[in-house]
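We did not get these values from a lab; they are worked out from the coordinates using the rules stated. All figures in this text were calculated on a predicted structure; none of them were measured in a lab. We place every Cβ from the backbone using ideal geometry, glycine too, and count neighbours over all the protein chains shown.
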Amino acid sequence: MRKPMTSALLAAGLAVPALALPGTSVAAPTGDRAVEPTIVEIAAADPRFSTLVSLAKRAGLADELGGAAKLTLFAPTNAAFRKVPEATLTKLRRNRSMLRRVLLYHLVAGDVKAERVVRLRALRTLAGPKLRIRVRHHALFLNGRTK
């Protein structure tokens with residue numbers, strides 16, 4: 001059941017990196033929190049990511065995203081979530097483990113800057129699968145999709 005749900009979300013455009021936070025990369029704090037806010041704090045400060053923030057909290061990922069590990073989030077905006085059928089979002093909200101897996105599909109280990117992303121062919125997500133990366137005509141495509 002997990003694979004079809006993930007596929008449905010990806011087909012709806014959720015895997016498109018509308019914005020990687022901030023400056024195409026987010027590093028979770030390694031020192032002073034006043035200097036380096038958490039991924040959730042950065043996303044919560046931007047109203048375009050309110051759906052992502054609420055789902056991360058619901059999935060129990062908000063605290064984990066504030067850990068010492070450096071992570072990069074390909075952050076779906078509210079506009080990307082609007083492309084997902086409401087029935088699919090309802091199922092995800094009710095199934096915490098499935099929701100976690102979908103959200104982990106948008107995270108990669110490390111502080112991956114935009115200039116590095118455009119030179120890569122793939123990145124392994126924290127959910128396990130790889131994201132295929134292509135740049136065509138100055139547009140970034142993940143798994144064949146762009147904005």
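The simple spin-label model puts a point 7 Å past each Cα toward its Cβ; for A109 and S97 those points are separated by 2.3 nm.
Suppose R0 equals 25 Å; then what is the FRET efficiency for V135 and A79 from their Cβ-Cβ distance, rounded to the nearest 0.05?
0.70
3J(HN,Hα) couplings calculated from phi for segment 63-80 with the Karplus curve 6.51 cos²θ - 1.76 cosθ + 1.60 (θ = phi - 60°) are, in sequence order, 5, 4, 6, x, x, 7, 5, 7, 9, 10, 10, 8, 8, x, 7, 4, 4, 5 Hz; Gly and Pro show x. With 0.36 nm allotted per residue and the present C-alpha distance subtracted, the T90-S54 stretch has 11.7 nm of extension available. For segment 98-147, take the alpha-carbon Rg, divide it by the Kirkwood Rh, and send me Rg/Rh. On the Cα set of segment 98-147, Rg over Rh gives 0.98.
Pairs K70/K113; K91/K130; K70/K130: which are spaced more than 22 Å apart, C-alpha to C-alpha? Violating the 22 Å Cα-Cα cut-off are K91/K130.
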